[in-house]
1. Which of the residues spanning the range 44-72 are touching a helix residue (DSSP H, G or I) at 6+ places or on another chain (Cβ under 8 Å) and in a loop (DSSP other than H, G, I, E, B)?
2. Can you tell me which residue among LEU10, LEU65 is touching a residue at least 60 places away in the same chain (Cβ under 8 Å) and aliphatic (A, V, I, L, M)?
3. Open to solvent by 40 Å² or more (accessible area, probe 1.4 Å), in contact with a Cys (Cβ under 8 Å, 6 or more places away or on another chain) and among the aliphatic types (A, V, I, L, M): which single residue out of VAL34, VAL89 fits that description?
4. Where residues in the range 43-63 are touching a Pro at 6+ places or on another chain (Cβ under 9 Å) and among the basic types (Lys, Arg), which of them is surrounded by the most Cβ atoms within 10 Å (Cβ to Cβ)?
5. Hey, among ASP40, ASP28, which residue is surrounded by fewer than 16 Cβ atoms within 10 Å (Cβ to Cβ), of a type outside the set (Gly, Ala, Ser) and closer than 21 Å to ARG62 by Cα?
6. Which numbered condition in (1) part of a loop (DSSP other than H, G, I, E, B); (2) more than 16 Å from LEU5 (Cβ to Cβ); (3) without any contact (Cβ under 8 Å) to a residue 24 or more places away in the chain is the only one that LYS41 fails?
7. With respect to the numbered conditions (1) touching a residue at least 24 places away in the same chain (Cβ under 8 Å); (2) on the phi > 0 side of the Ramachandran plot, which one is the sole condition not fulfilled by GLU56?
8. Give the residue that is nearest to MET1 (Cα to Cα), with candidates limited to residues of the range 44-53 that are free of Cβ contacts under 8 Å to residues at least 40 places away in the same chain and over 10 Å from the mean Cα position of the chain (by Cα).
Amino acid sequence: MIELLTGTRLATHQLAQMLGIPERQVEDHLEHVVKSVAHDKTRCFILEPSRCQDCEFVFRDRRRLTRPGRCPHCHSEDIAAPRYGIDPVE
């Protein structure tokens, strides 16, 4: 999974499709990826936050890796999935 995330941004559904595992399993594995990358000073885990498709609200302060269920501003459930990646530290 670390190799798939290096140098790109992918959502959980894309990773699940590439790895042939359920999305929930990808979310569980992502927690371990975050911890592994945190110990590596040459790489940085990137989380592009979820965004409401209706009002464009961005979930910047969200710590969870999963997609939110509802927008706190407009209460829409049309939320774009967060995307994850790993970049080298410069």
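1. So the first thing to find is which residues in the range 44-72 are touching a helix residue (DSSP H, G or I) at 6+ places or on another chain (Cβ under 8 Å), and the list is 44-45, 65-67.
Once the filter is applied, which keeps residues that are touching a helix residue (DSSP H, G or I) at 6+ places or on another chain (Cβ under 8 Å) and in a loop (DSSP other than H, G, I, E, B), the range 44-72 yields LEU65, THR66, ARG67.
2. Working: LEU65 fails: touching a residue at least 60 places away in the same chain (Cβ under 8 Å).
Testing whether each residue is touching a residue at least 60 places away in the same chain (Cβ under 8 Å) and aliphatic (A, V, I, L, M) leaves just LEU10.
3. Working: VAL34 fails: in contact with a Cys (Cβ under 8 Å, 6 or more places away or on another chain).
Answer to the selection: VAL89.
4. Going through the qualifying residues, I end up with ARG51.
5. On the way: ASP40 fails: closer than 21 Å to ARG62 by Cα.
Being surrounded by fewer than 16 Cβ atoms within 10 Å (Cβ to Cβ), of a type outside the set (Gly, Ala, Ser) and closer than 21 Å to ARG62 by Cα holds for just one of ASP40, ASP28, which is ASP28.
6. Single failed check for LYS41: (3).
7. (1)
8. Just the residues of the range 44-53 that are free of Cβ contacts under 8 Å to residues at least 40 places away in the same chain, to begin with: 47-53.
From the residues that got through so far, the ones that are over 10 Å from the mean Cα position of the chain (by Cα) too are 51-53.
Working: ARG51: 24, CYS52: 27, GLN53: 27 Å.
Here the answer is ARG51.
The values are calculated or read from the model by the stated rules, or taken from the named source; none is laboratory data. Given the structure is predicted, the values throughout are model-derived calculations rather than measurements. So basically every Cβ, Gly included, is an ideal-geometry build from the backbone, and we count neighbours across all protein chains shown. Just so you know, the surface numbers come from the protein's heavy atoms only, side chains and all, with ligands and any DNA or RNA stripped out. Shrake-Rupley method; radii C 1.70, N 1.55, O 1.52, S 1.80 Å.
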